[in-house]
Amino acid sequence: MIEVLKTKVRNKVIVEYGRLFSSEDISAEEFKDAITQTLNSIIYSEHVNLQPVEKEKIIRDLLNDFLGFGPIEALMKDPHVSEIMINGPKKIFVERNGKTELSDIIFEDDKHLMYLIHKILSPTRRRVDEAYPYTDISLKDGSRINIIIPPLALDGPMVTIRKFMDTLKSAEDLIAIGTFDKRMSDFLIACIKAKINIIFSGSTGAGKTTTLGVLSSYIYDDERIITIEDTAELHLNKPNVVRLETRIQNIEGRGEVSIRDLFKNSLRMRPERIILGEIRSYEALDMLQAICSGHTGSLSVLHANTPQEVIYRLETMILTSGIPIGLEAIHRQMTAAMDIIVQQEQLLDGSRKVTYISQVNGLSNGQVNLEDIFVYDLEGISPGGKVSGKWKATGVIPKFYKRFEKAGINLPIGIFNKD
């Protein structure tokens, strides 16, 4: 009965209080009054016997629907929940402290879930319908959301929310949660300041974009930064930042703007730093060529399971772009443009760690030569599932070490001594 009553109240509020939804400054009190009056009206007209606790729950749930995230409002506010996976209205999984579990929260039905989806999409330029049944967006706080609906999703609307963890703001925060150690932190901060070109790689959910975002805070304030993303999620606390986001085609099939289009345009905007949210395809060669022409200090993200796989993926992207270029030329471009690869992984206990920092050091037998500078040595897993290990320096000194001195950065060479 409560769910039926809630649906009636929701529908009536939408019809009779539409002005509240078009207001830029929505008042929680106004919404609460509208919900309460509507509920009281239905209770009176239909002679519903409702307990005070039940009435409070309906008002609270509908306030969350209209002003928040409905049934998942508490999950969005829970600092221990990093990801929310909605597999249709009745199955909601969460990642809490690195572990995935099924929650006891549900939506009433597909229609209730679709209401939340349209509410999330309403402030954006994105949509989902039969013509475009999936999309990606980001919230104002940087959280990323992927939505896919029937007929592509066979068991109802699917929503995946990767929350932005605003507690991670500095390298010290990443050290505290075990992403890397102090030596690696000092090295990576020096690389950022000395405008070393870095690719952050890893699988989905490994934390690579978070690490990039934290380290980018060490870019000097007088540098002009241009970020290019499919779905804008980087929020850099810097004075001179230009944020660019791709655009999907319209209903007529026109107006699409790709990462490659934005990247080419960004080169005309006097960038001192270019940050690519993710390298996906043809823009890989554009990026390498731009770096070779003087745009150093570039940061980018790429999905790959190992540093070597980064090379293979870039090769494939460029070779399938249709641009007539040989593998040897591609490798020369890579070695000229790429400095280090920061590989990050999510381990069995849910922790996210940088497992390799590898430098690109010339060619060896025609192939790109990778050298590990720091590695994470996995020592074992406890009966409780806790991963143990330590980071080790391999003894390799970066080929670009003198660039630190030229940039006025004092980084002791001793941090590279072999463990």
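The values are calculated or read from the model by the stated rules, or taken from the named source; none is laboratory data. The model shown is predicted, which means the values in this text are computed figures rather than measured ones. Neighbour counts are summed over all protein chains in view; Cβ atoms, including those assigned to glycine, are modelled from backbone coordinates with ideal geometry.
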Item to complete: Report, by residue number, each residue of region 235-250 that is of a type in the set (A, V, I, L, M, F, W, C), without any contact (Cβ under 8 Å) to a residue 40 or more places away in the chain and surrounded by fewer than 16 Cβ atoms within 10 Å (Cβ to Cβ).
Response: Val242
Worksheet item: Among (1) within 16 Å of Gly70 (Cβ to Cβ); (2) in contact (Cβ under 8 Å) with a residue 60 or more places away in the chain; (3) not in a loop (DSSP other than H, G, I, E, B); (4) not small (Gly, Ala, Ser), which single condition is Asp136 missing?
Response: (1)
Item to complete: Kindly provide the set of residues from region 383-419 that are more than 32 Å from the chain's Cα centre (by Cα) and either in contact (Cβ under 8 Å) with a residue 24 or more places away in the chain or in a helix (DSSP H, G or I) (or both), ordered by number.
Response: Lys402, Glu405, Lys406, Ile413, Gly414, Asn417, Lys418, Asp419
Practice prompt. Take region 278-308 and flag every residue that is in contact with a Phe, Trp or Tyr (Cβ under 9 Å, 6 or more places away or on another chain) and among the β-branched types (Val, Ile, Thr).
Written response: Val301, Thr306
Practice prompt. Only residues in region 176-187 that are closer than 16 Å to Leu378 by Cβ count as the first member; pair them with residues that are of a type outside the set (D, E, K, R) and in a helix (DSSP H, G or I), Cβ under 7 angstrom, at least 6 apart or cross-chain, and list the lot.
Written response: Thr179/Thr211; Phe180/Leu174; Asp181/Ile175
Practice prompt. Go through region 72-117 and give me each residue that's of a type in the set (A, V, I, L, M, F, W, C) and in a helix (DSSP H, G or I).
Written response: Ile72, Ala74, Leu75, Met76, Leu113, Met114, Leu116, Ile117
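If we keep just the residues of region 227-268 that are of a type in the set (Val, Ile, Thr) and closer than 15 Å to Ile137 by Cα, which is farthest from the chain's Cα centre (by Cα)?
Ile248
Let me confirm something: among Gly156, Gly178, Gly142, which residue is among the small types (Gly, Ala, Ser), assigned to a loop (DSSP other than H, G, I, E, B) and assigned by TED's automatic domain parsing to the domain that holds Glu229?
Gly178
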Worksheet item: In region 269-284, what residues are surrounded by fewer than 21 Cβ atoms within 10 Å (Cβ to Cβ) and modelled with pLDDT under 90?
Response: Glu278, Arg280, Ser281, Tyr282
Worksheet item: How about region 273-360: which strands (runs of 3 or more DSSP E) wholly inside it have at least 2 residues that are touching a Lys or Arg at 6+ places or on another chain (Cβ under 8 Å)?
Response: 299-303, 340-346
